[in-house]
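> My questions will all concern the structure given below.
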Amino acid sequence: MPALLKIDGLKVWFDTTGGTVRAVDGVSLDIAAGESMALLGESGSGKSVAAMALLQLLPQPAGRIVAGRALLGERDLLRTPERDMRTVRGRRIAMIFQEPQTSLNPVMTLGDQISEVLPASWPRRRRRERVIYWLDAVGISDPGRRYREYPHQLSGGMKQRAMIAMALAGEPELLVADEPTTALDVTIQAQILDLLKELQRRTGMAMLFITHDLAVAYQVADRVAVMYAGEIVESADRPAFFGGARHPYTQKLFRAVPGRGKRGEMLEVIPGGVPSLTQEFRGCRFADRCDYAWDLCRTTMPAWRVESGHGVRCHLYGGAAGLSTPVAAPRPVAVPVREIGPGQPLLQVRDLKVHFPIHSGILRRVVGQVRAVDGVTLSVGTGRTLALVGESGCGKTTIGKAILQLVAPTAGEVLFEDTRLDLMTPSALRPLRRRLQVIFQDPYASLDPRMLVSEILEEGMHAQGIEVATAGRHSRARDLLEQVGLGAEALTRYPHEFSGGQRQRLCIARALSVEPRLIICDEPTSALDVSVQAQILNLLRRLQQELSLSYLFITHNLGVVEYLAHEVAVMYLGRLVETGVVHEVLEGPRHPYTQALLAAVPSIAGNRTGNAPVPPSAGLPRGEAPSPVNPPAGCHYHSRCPQAMAQCRTDYPAPSRISATHWVRCHLYPADTGPS
Amino acid sequence: MPFKLVILWTDALIYLLLAVSIAYGIYAARHEHLRAPWRQVRRNPLAMAALVVLAAYIVTGLVDSIHFRMRLDVPRAQARHAIYSPQVLSVLDLLCAPLRTHVEQTYSAPFALYAFTPQMVRRPDGSHVLEYPRLRYAGAALKVPGDRGRDIAVRCLRGAVESLILWVAVAAAVAYWRVRRPGESARAAFGRLIRGETDTPWRAMLASLGAVILSVAAVANLGGAYHILGTDQVGQDVLFEAIKSIRTGLLIGTLTTLVMLPFALAMGVMAGYFGGWVDDLIQYIYATLSSIPSVLLIVAGILSLDLYMANHAAAFDNIAQRQDMRLLSLCVILGVTTWTGLCRLLRGETMKLRNMDYIQAAVALGVRSRRIMTRHIIPNVMHIVLINVVLNFSGLVLAEAVLSYVGVGVDPSMNSWGNMINGARLEMARDPVVWWSLAAAFLFMFTMVLAANLFADAVRDAFDPRMRK
Amino acid sequence: MIAYIIRRILYAIPILIGVNLLTFVLFFLVNSPNDMARFHLGMKRVTPQAIAEWKAEHGYDAPLLYNSAASGVKKLTQTIFFQHSVKLFVFDFGGSDDGRDIGYDIRQRMWPSLAIQLPTFVVGLAVYISVALMMVFFRGTYLDTGGVVLAVVLMSISMLFYVIGGQYLFSKVLRLVPISGYDSGLSAIKFVILPIAIGVISGVGSSVRLYRTFFLEESGKDYVRTARAKGLSEIRVLFRHVLKNAMIPILTGVVVVIPSLFIGSLILESFFGIPGLGSYTIDAIRSQDFGIVHAMVFLGSVLYIVGLILTDISYTLVDPRVRLG
């Protein structure tokens, strides 16, 4: 196939106060017409920068294109003057972005925003018809009304659909999609991926799909290119790539993804972090983190070698060895997983409700409630992990905060070691706080930027009266750092000097500083790259076994659940719909919502022979989750459930027992009057 | 002792402020998160040049804030105790003694030898003629008035030579002590400095220092012999008035902030952190205060104060004390009108911080509220306070002039740019106009405000996270 | 929306009570009416009789808060607090210390104030926004940098300088307009044109700089990147996308002052001899007339609160996300 876009030796540098960052350092890539190319890489690999450079949308004046060509037909995009770029942007190459929330203009109607892409010479009516056509094509219902609506009136998934409509309205030859599903829930992600593939098939456009997620790349791509530290290290057709990745970095990425198959072993980690891009590299950029690296790797830059369409940049495949001998994967390190029995519950939550009032009217009377948490019962045993799974807005984070008494519960009981936390005064609660701790999602927001690491670690000890003497606190802080795999030199540094993964280690150390029994982990790895996520998951598991910690692990990532959890509770709109031991729920999900969640997770099909992936759309829920202000009557899920019956619209289902440990709330199963 | 130290309230406060600033400097030097933005300020040539000018103003103001009363020479036999003059002087008054004491009859133009207004003079023959009398002090050393041009040129030249010597000495010292790298020759270091190849923009700083030195040398050489900027209605040297007004401007700009800062910080942080009725109450207070247009609130406050002082005249008999109390009250009233803005900002920021994960983590660790506020929240809102302080400064200096014009500024007898403008504005109707008082006041005020604005800009750029791109 | 406005008006009442209490404390508790009388009559040798007469003449002869000598409701109404503070709520401003009807004066004098302030406001806003937009359009060039430096220089100049310098240059040297004065109807134009120009110029530095940062902040946002990726021209991006969003922070600071335009500018009116409320206030200050100052403080607060409500309403016009309720 002839190449639609030919990128050759693209270099993009950023001038910062810390020096020149070589964000993209010699990227070459061809995209054929109608082809779907996935550009895969972790954060900071330069994948988005490369895409922005194509459209000359780099942040000015910091970013500059230093070298390279990007030929779209005869035109070199990198040297096209701004005036002519306007005929390329939106018309020949369109782009959609990661954050639908901020990428649409909040004060313009959708119709106006999409019309802007269409030729100004068209009469108003023709443009309007065209916009409505595209709104309809991306699956936005009632497009005539939506035409006049503003972005805030749409849900996140709808906004991303509108973005896609805007991109496609210009009928581009190439669509650049920059992590278009990363900010979305997994069920919505599946819908959007389906939509993109469907539209691509209909319009015949090419797609450059930027992602960090191997499974998403597997779902959408014809070809995959992997970026690392500003350059492409491997590129191949999808079957070849998923059938046998060659670069040690790619191989490691595959093995770092958590999942059930890896439950009994430590996850493969990539030690260290991405090297600073301000330096000029002499050898292979991955050498410092590579298990196979030898002298040559540190002194000579590996060349790009291609054999039958599979390119790789690694010395392993040089010389006589040829590409046909992939390096054998190292044997995974098995760790004995000490499964602790259910035993005595450490934390019990009974019928917990957290409602936030909505005020309105002249006197600010309460006119409604946001039922963030609406009657949740769960328990966590000593030394065990309960995973609380649900999509954004389902109330899972609120449960965590209510247990910690960071928000006041509206009703229900929180029992910790037989103490009712919800009844205690703030001062009586203070000494108990050392028993249960928390780790948050965003490692950049959870450490005070103005405090030294030593101050951060010693704050809890000071507040709880552990180690009253300064010297004792210091030595304990050093021990904690060692426990989470950081050196003592970290004590005198500030949080901003650490990477995301290291910061999350610091958060864990801070939680451990007061010797808790239970840690509430609120999505602790979802802001991290896969390779770093593996490090944190390994650490959490090791600590659990060493210290008999219990975790309430709040997450939306089922792969993490499969790897780490003992029990699972699935949450939808403030209520639990299914609970059980991890293998029961994940292997035999009963609730249609759980089934949908599992179906929506993009996966790399078990066989790596490279067959086309099964479209995941089967069994996907319709639409998006309703608002917790007005949850649907009856079963909350009936509005999206493909199997909804008349009864579901009126009655909230009672719990049904599937096994001694497995409960589900769904009318498909006979109700059980046993204890819930 | 030949003198008795007098510490006015504002003197005490300005030295307190100086101490606070020094303490902040030491604190900032030890904390990387403060050192880094200040380093960025230090690299900004315009800001550092402005800082040199600002420093000259500040030093003048500080020297003018050491007050004392001289001992009167009374024959020893008559005085059991030492008797001190009722006049309160400052160190600056001593340094500028010629400027202060060379008081003419009335208006005279810059560098004039004769008065601006003609006077009836009685001739020896008994007839009366209208003539421009010779000034008492200006050009007194001249033998013939025609020598004035040459005399001024000679004095200027001397000033220029003196300042050049001083400037070269300072530049060499900077090159040797601050710029020179180990093993580098002083000459090479000096070369780098002149070419502007230093991390800290020494060249820009030395340039503006040169301007400052040149001005001081000009005043030192010419000020005693002429009235460089003329004299005002009562014959007072206008340059001296403008210099004395520096202290007033500085005090208004800084003390107002110092007075209101503790309230704004405590109230804003408490409202944002506790929420609930504490928030409602504090919001009510600042909504009430900010709903009164600030000029009118100041008017109301000052009028009330005027009345109080008029009815309690006995307590304010000393003119220096009266001026001082009026100045301090003005600062307090200005503070009342400006704290609401900062308080609102801090409340909003605290509410944002309160929900930050690291605050939640501290609560989960069992850290007490007071400690969370002092250890987490206040350090994380200090950049807002700092930006607010530096941005407010120039606005307050400008406001003083307007308020003095309106009649609710500092004491009418106090030296201030506002009073100078207010006094001279009516003379614009004269023909030819008496422009020098206005020009002097505007020039001095403009220089300080511009320097402050340039410096404040750099501080804001360095500290405001939104400005970082 | 209606409910919201009603609620805001109800919320304004405690604030206005607070304003009243504050002025009451400032005017009558810090200094007693006796002090005030003595002050107005001159300090030396004032007989108690003269004081009593002055107080009776100006309505300061009642007790401050509670009149035990009166009967019934009059116990509360025959007080200085009621007569001088509470009556303000029905816009009964009473008489000034030299016996004029303040309410009448205000109604007469607000129109000349408005004749200066309204054009200043409208022209100023248009000029500031256009200049700031132009600087953002040329951002990163010398035009922008030079513009920023010029803005800092302009905002470092005292307003008094603009007034005195402008008056000197245009009225005295060039003799283009009269130095001061006012006339009714269209003939006022020659009197108001210079104050309006000076009003606009004196604000140009700070406003342009502020609006420029608003525009810059908006133009760094994601939706602007989307607009550029659509292939829109830079002009269109600025006018269709950035300007509309930046209007939200601009309105915050701008709409609130609209009602207060009635109050006029103290400086401009006194320099140019405009018989508006600004010069009224200045005259009151110079003659230390507490009645007028008291009335102006109350009026100013009321107008400010109206401005706040207008600000909120204006948000609903530019920001579809805002729903008042």
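> Put +1 on the Cβ of each Lys and Arg and -1 on the Cβ of each Asp and Glu in the protein assembly as shown; which of B:Leu255, B:Met373, B:Ile333 then has its Cα farthest toward the positive end of the dipole?
Towards the positive end, the residue furthest out is B:Leu255.
> What percent do you get for the relative contact order of chain A when only Cα pairs under 8 Å and 6+ apart count?
Working: 1324 pairs, mean separation 85.4, N = 676.
Relative contact order comes out at 13 percent.
> While we're here: Mean Kyte-Doolittle of at least -0.5 and a Cα length of 15 Å or more along the axis: which whole DSSP H helices of chain A meet both?
Working: long enough: A:124-137 (20 Å, -1.56); A:156-169 (20 Å, 0.61); A:186-203 (25 Å, -0.09); A:453-464 (18 Å, -0.18); A:470-483 (20 Å, -1.28); A:500-512 (18 Å, -0.24); A:530-547 (25 Å, 0.16).
Those that clear 15 Å and a mean of -0.5 are A:156-169, A:186-203, A:453-464, A:500-512, A:530-547.
> Could you work out the helix-only [θ] at 222 nm for chain B, with each DSSP H run of four or more residues adding -39,500 (n - 2.57) and the total divided by the number of residues, to the nearest 500 deg cm²/dmol?
Value at 222 nm, helices only: -22000 deg cm²/dmol.
> Mind putting a number on the dipole of region A:389-485 about its Cα centre? Charges go on the C-beta only, +1 for Lys and Arg and -1 for Asp and Glu, and I need it in Debye to the nearest 20. Numbers along the way, then the final one.
Numbers: 11 positive and 13 negative charges, 31 e Å.
For this selection, approximately 140 debye.
> Could you compute how fast region C:172-301 diffuses translationally, taking Rh as the Kirkwood radius over C-alpha pairs and applying Stokes-Einstein at 4 °C with viscosity 1.567 mPa s? Give it in µm² per second. Mind showing how you got there, number by number?
Values: Rh = 18.2 Å.
Approximately 71 µm²/s, per Stokes-Einstein.
> If contacts are Cα pairs under 8 angstrom and at least 6 residues apart, what is the relative contact order of chain C in percent? Don't skip to the end; give the middle numbers.
Numbers: 342 pairs, mean separation 70.8, N = 325.
So the answer I get is 22 percent.
> What is the set of long-range amide H partners of A:Val176 at a cut-off below 5 Å, with H atoms built 1.01 Å from backbone N?
A:Ala94, A:Met95, A:Ile96, A:Leu208
> Same structure again: If you count, for each residue, the other Cβ atoms within 10 Å and average over each peptide, how do B:143-150, A:479-486 line up from highest to lowest?
Numbers: B:143-150: 10.2, A:479-486: 18.0.
Going by the mean number of other Cβ atoms within 10 Å, highest first, we get A:479-486, B:143-150.
> Here's a follow-up. Given DSSP loops and a limit of at most 16 other Cβ atoms within 10 Å, what is the longest stretch of chain B that contains no such GluC sites (Glu not before Pro)?
Numbers: sites that count: B:Glu184, B:Glu197.
With a cap of 16 other Cβ atoms within 10 Å, the longest stretch comes to B:198-469.
> Where in chain C are the helices, taken as whole DSSP H runs, whose Cα atoms extend 30 angstrom or more along the long axis and whose Kyte-Doolittle mean reaches at least 0.0?
Qualifying helices, which must be both long enough and hydrophobic enough, are C:2-24, C:102-137, C:189-219, C:290-318.
> Dipole magnitude of region C:110-324 about its Cα centre, charges +1 at Lys/Arg Cβ and -1 at Asp/Glu Cβ only, in debye to the nearest 20?
Roughly 740 debye for region C:110-324.
> Rounded to the nearest 0.05, what FRET efficiency do C:Tyr66 and C:Ile9 have when you use their Cβ-Cβ distance and R0 = 30 Å? Walk me through the intermediate numbers first.
Numbers: r = 29 Å, r/R0 = 0.98.
Here the calculated transfer efficiency is 0.55.
> So if the hydrodynamic radius of region C:2-90 is defined as the Kirkwood radius over C-alpha pairs, what does Stokes-Einstein give as its diffusion coefficient at 10 °C and 1.306 mPa s, in µm² per second?
107
> Sticking with this structure for a sec: For B:415-425, what's the mean count of beta carbons from other chains sitting within 10 Å of each residue's beta carbon? Provide the component values of the computation, followed by the final result.
Numbers: counts 0, 0, 2, 2, 0, 0, 4, 1, 0, 1, 5.
Counting Cβ atoms of other protein chains within 10 Å of each residue's Cβ and averaging gives 1.
> Also, quick follow-up: Within 10 Å of each Cβ in A:91-97, how many Cβ atoms from other chains are there, averaged over the peptide? Working shown, then result.
Numbers: counts 2, 1, 2, 3, 5, 2, 5.
Mean number of neighbouring Cβ atoms from other chains: 3.
> Using θ = phi - 60° and the Karplus curve 6.51 cos²θ - 1.76 cosθ + 1.60, what whole-Hz ³J(HN,Hα) does each residue of region B:254-266 get, with Gly and Pro shown as x?
So the J values, rounded to whole Hz, are 9, 5, 3, 5, 4, 5, 8, 4, x, 5, 4, 5, 5.
> Something else about it: Projected onto the charge dipole of the protein assembly as shown (+1 at Lys/Arg Cβ, -1 at Asp/Glu Cβ, origin at the Cα centre), which of B:Ala266, C:Ser96, B:Leu34 gives the Cα projection farthest towards the positive end?
B:Leu34
> Do the sum for chain A: with -39,500 (n - 2.57) for every DSSP H run of n ≥ 4, divided by all residues, what is the mean residue ellipticity at 222 nm, to the nearest 500 deg cm²/dmol? Please report the intermediate quantities before stating the final value.
Working: 21 runs with 196 residues, N = 676.
Here the helix-only value at 222 nm equals -8500 deg cm²/dmol.
> Can you sort B:Trp167, C:Trp54, B:Trp435 by solvent-accessible area, 1.4 Å probe, largest first? Let's see the in-between values first.
On the way: B:Trp167 60, C:Trp54 25, B:Trp435 125 Å².
Heavy-atom accessible area, descending, gives B:Trp435, B:Trp167, C:Trp54.
> Would you tell me the mean number of C-beta atoms belonging to other protein chains that fall within 10 Å of each C-beta in B:403-409, as a whole number? Walk me through the numbers before you get to the answer.
Working: counts 1, 1, 9, 8, 6, 3, 0.
Rounded to a whole number, the mean comes out at 4.
> Rounded to the nearest 0.05, what FRET efficiency do A:Ser627 and B:Met351 give with R0 = 22 Å and r taken as the Cβ-Cβ distance? Could you check? Don't skip to the end; give the middle numbers.
Numbers: r = 24 Å, r/R0 = 1.09.
For R0 = 22 Å, the calculated efficiency reads 0.35.
> On the full set of protein chains, 1.4 Å probe, figure out the accessible area of B:Phe263 and give it in Å² to the nearest 10.
120
> Quick one: if the Förster radius is 51 Å, what FRET efficiency do C:Asp92 and B:Gln105 give, using the C-beta to C-beta distance and rounding to 0.05? Walk me through the numbers before you get to the answer.
Working: r = 54 Å, r/R0 = 1.06.
Result of the calculation: an efficiency of 0.40.
> Show A:His359, B:His81 ordered by accessible area, largest first, where the area counts protein heavy atoms only and the probe is 1.4 Å. Walk me through the intermediate numbers first.
Working: A:His359 90, B:His81 145 Å².
The ranking, largest first, comes out as B:His81, A:His359.
> Report the B-A buried area as the accessible area lost on both sides summed, probe 1.4 Å, in Å² to the nearest 100. Provide the component values of the computation, followed by the final result.
On the way: alone 25180 and 28820 Å², together 51730 Å².
Summed over both sides, the interface buries about 2300 Å².
> Then there's this: Quick one: which residues, 5+ away or cross-chain, put their amide H under 5 Å from the amide H of A:Leu39? H built at 1.01 Å from N.
A:Phe209, A:Ile210, A:Thr211, A:Ala225
> Additional query: In square nanometres, what is the average projected area of the Cα convex hull of chain C?
Values: hull surface 90.5 nm².
Projected area, direction-averaged: 22.6 nm².
> Next question. I'd like to know which of A:Ser45, A:Ser115, A:Phe356 lies farthest towards the positive end of the charge dipole of chain A, counting +1 on Cβ of Lys and Arg and -1 on Cβ of Asp and Glu.
Farthest towards the positive pole: A:Ser115.
> Ok, one more. Can you tell me what the convex hull of the Cα atoms of the protein assembly as shown projects to on average, as an area in nm²? Numbers along the way, then the final one.
Values: hull surface 285.9 nm².
For the protein assembly as shown, averaging the hull's shadow over all directions gives 71.5 nm².
> I'd like to compare B:58-67, A:454-463: which one has the highest average count of other Cβ atoms within 10 Å, and what's the full order after that? Could you put the intermediate results ahead of the total?
On the way: B:58-67: 19.4, A:454-463: 22.0.
Descending packing order for the listed peptides: A:454-463, B:58-67.
> Kirkwood hydrodynamic radius of region A:103-171 from all distinct Cα pairs, in Å? Before the final figure, lay out the partial values.
Details: mean 1/r = 0.0863 Å⁻¹.
Mean inverse Cα-Cα distance, inverted, gives 11.6 Å.
> Starting from the amide H of A:Ser656, placed 1.01 Å from N in the peptide plane, find each other amide H under 5 Å away whose residue is 5 or more places distant or on another chain.
Under 5 Å from the amide H of A:Ser656: A:Val664, A:Arg665, A:Cys666, A:Asp672.
> Under unit Cβ charges (Lys, Arg +1; Asp, Glu -1), what dipole magnitude, rounded to 20 debye, does chain A have relative to its Cα centre? Provide the component values of the computation, followed by the final result.
Numbers: 75 positive and 67 negative charges, 223 e Å.
Around 1080 debye, computed over chain A.
> Using a Cα-Cα cut-off of under 29 Å, which lysines could be cross-linked to C:Lys55, ignoring same-chain neighbours fewer than 8 residues away?
Here the lysines satisfying the reach criterion relative to C:Lys55 are C:Lys44, C:Lys74, C:Lys75, C:Lys87.
> Cα centroids of region A:263-287 and region B:404-469: how far apart, whole angstrom?
59
> Would you mind telling me the share, in percent, of accessible area of chain A contributed by carbon and sulfur at probe 1.4 angstrom? Don't jump to the answer; show the numbers that get you there.
On the way: 13710 of 26540 Å².
About 52 percent, which is the carbon plus sulfur part of the accessible surface.
> With each pseudo-label sitting 7 Å past Cα toward Cβ, what's the A:Ser526-A:Met266 distance in nm, one decimal?
Taking the simple label geometry, A:Ser526 and A:Met266 are separated by 2.8 nm.
> To continue, here is another question. Among the listed pairs A:Lys6/A:Lys197; A:Lys197/A:Lys401; A:Lys11/C:Lys230, give every one whose C-alpha distance is greater than 30 Å. Provide the component values of the computation, followed by the final result.
Working: A:Lys6/A:Lys197 22 Å; A:Lys197/A:Lys401 39 Å; A:Lys11/C:Lys230 24 Å.
Distance filter (> 30 Å) returns A:Lys197/A:Lys401.
> How far is helix B:186-195 tilted, in degrees, relative to the longest principal axis of the Cα atoms in chain B, given as a value from 0 to 90 rounded to the nearest 10?
Helix B:186-195 sits roughly 90 degrees off the main axis of chain B.
> Which lysines have a Cα lying under 21 Å from the Cα of C:Lys172, excluding residues fewer than 8 positions away in the same chain?
Result set, ordered by chain and number: C:Lys190.
> Would you mind telling me which residue in C:Gly99, C:Gly72, C:Gly59 has the biggest mean-square fluctuation in a Gaussian network model of chain C, where springs connect alpha carbons within a distance under 10 angstrom?
In this elastic network of chain C, the residue with the biggest mean-square fluctuation among C:Gly99, C:Gly72, C:Gly59 is C:Gly72.
The values are calculated or read from the model by the stated rules, or taken from the named source; none is laboratory data. Note that the structure is a prediction, hence the values are computed from the model and not measured. Using ideal geometry, Cβ is built from the backbone for each residue, glycine included, and neighbour counts are taken over all protein chains shown. For the accessible areas, the whole protein counts, side chains as well, though only heavy atoms, and no ligand, DNA or RNA atoms are used. Shrake-Rupley method; radii C 1.70, N 1.55, O 1.52, S 1.80 Å.
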